[in-house]
1. Out of segment 28-52, which residues are without any contact (Cβ under 8 Å) to a residue 24 or more places away in the chain, under 30 Å from Lys134 (Cβ atoms) and open to solvent by 70 Å² or more (accessible area, probe 1.4 Å)?
2. Among the strands (runs of 3 or more DSSP E) confined wholly to segment 57-172, which include 1 or more residues that are in contact with a strand residue (DSSP E or B) (Cβ under 6 Å, 6 or more places away or on another chain) and within 17 Å of Ala35 (Cα to Cα)?
3. Could you please tell me which pairs satisfy a Cβ distance under 7 Å, a separation of 6+ or placement on different chains, a first residue in segment 100-128 that is of a type in the set (D, E, K, R), and a second residue that is open to solvent by 60 Å² or more (accessible area, probe 1.4 Å)?
4. Could you check, for segment 55-75, whether at least one of its residues is at pLDDT 90 or above and touching a His at 6+ places or on another chain (Cβ under 9 Å)?
5. If you go through segment 14-27 one residue at a time, do you hit one that is open to solvent by 30 Å² or more (accessible area, probe 1.4 Å), in contact with a strand residue (DSSP E or B) (Cβ under 8 Å, 6 or more places away or on another chain) and modelled with pLDDT of 90 or more?
6. Only one of these is of a type in the set (Ser, Thr, Tyr) and in contact with an Asp or Glu (Cβ under 8 Å, 6 or more places away or on another chain): Ser92, Ser80, Ser64. Name it.
7. Consider Phe9 carefully, then state whether it is at pLDDT 85 or above, on the phi < 0 side of the Ramachandran plot and loosely packed, with under 13 Cβ neighbours inside 10 Å.
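The values are calculated or read from the model by the stated rules, or taken from the named source; none is laboratory data. From a predicted model like this one, the values you see are computed outputs, not experimental measurements. Using ideal geometry, Cβ is built from the backbone for each residue, glycine included, and neighbour counts are taken over all protein chains shown. Areas reflect the complete protein model, heavy atoms only, side chains present, ligands, DNA and RNA absent. Shrake-Rupley method; radii C 1.70, N 1.55, O 1.52, S 1.80 Å.
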Amino acid sequence: MQNETIEGFRISPQQRHLWGLQQNKSQQTYRVRGAILITGNLDKEMLKSALQNVVNRHEILRTSFHCFSGMTLPLQAIASTGEVPISEYNLSGLSPEEQEAKIAALFQQLNLLPFDFERGPLWHLSLVTLAQNKHLLLANFSALIADSATLKNFTRETQSFLLSLRVRGRVL
């Protein structure tokens with residue numbers, strides 16, 4: 001049997017608190033969610049590339065948690081690379097009312113997706129096409145790696161990319 005070596009860091013007091021809450025309520029996963037409305041021409045491949053750059057720059061988006069035998073608290077491990085978990089949905093053929101209902105259902109679906117704390121990623125994105133020049137980026141992060149400041153930073157960096165393409169984005 002080969003031993004696996006993992007370099008890691010202690011979790012913060014806030015993460016320790018959340019970890020304990022999630023262990024006591026195994027069905028409850030605390031999350032940070034948000035949506036970015038994107039208007040204008042959007043090159044989806046360039047957006048994915050920009051999101052990959054955000055992942056490459058921020059270690060927390062490549063973080064996983066490992067709890068070995070005999071440990072009550074996990075170790076944070078940072079991967080050298082990370083994927084961008086993004087699903088795409090085209091709702092452009094639906095009426096505004098149908099789109100709104102489907103977006104609510106997608107948010108609920110995102111809320112039910114499990115996080116693999118040992119493998120990651122601990123976040124999910126959904127890109128929803130509402131019209132040719134109107135998109136919605138739904139973001140769902142584990143609260144172990146994100147808070148409202150993380151969501152603002154993620155949004156700011158995404159918006160910076162969108163502005164470089166002369167596309168407008170705003171947080172909903």
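1. Here is the first cut: in segment 28-52, the ones without any contact (Cβ under 8 Å) to a residue 24 or more places away in the chain are 28, 45, 49.
Cutting the leftovers down to under 30 Å from Lys134 (Cβ atoms) gives us 45, 49.
Matches in segment 28-52: Glu45 only.
2. 86-90, 123-131, 134-142, 168-171
3. Pairs that qualify, where the first residue is of a type in the set (D, E, K, R) and the partner is open to solvent by 60 Å² or more (accessible area, probe 1.4 Å), are Lys102/Leu94.
4. For segment 55-75, residues at pLDDT 90 or above and touching a His at 6+ places or on another chain (Cβ under 9 Å): present.
5. No, that holds for no residue.
6. Numbers: Ser92 fails: in contact with an Asp or Glu (Cβ under 8 Å, 6 or more places away or on another chain); Ser80 fails: in contact with an Asp or Glu (Cβ under 8 Å, 6 or more places away or on another chain).
It is Ser64.
7. Against the criterion (at pLDDT 85 or above, on the phi < 0 side of the Ramachandran plot and loosely packed, with under 13 Cβ neighbours inside 10 Å), Phe9 qualifies.
Yes/no matrix, rows are residues, columns are (1) surrounded by 13 or more Cβ atoms within 10 Å (Cβ to Cβ); (2) more than 19 Å from Ile60 (Cβ to Cβ); (3) modelled with pLDDT of 95 or more:
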site: Ile78; (1), (2), (3): yes, no, no
site: Thr81; (1), (2), (3): no, no, no
site: Pro85; (1), (2), (3): yes, no, no
site: Tyr89; (1), (2), (3): yes, yes, yes
site: Leu94; (1), (2), (3): yes, yes, yes
site: Ala104; (1), (2), (3): no, yes, yes
site: Pro121; (1), (2), (3): yes, no, no
site: Thr129; (1), (2), (3): yes, yes, yes
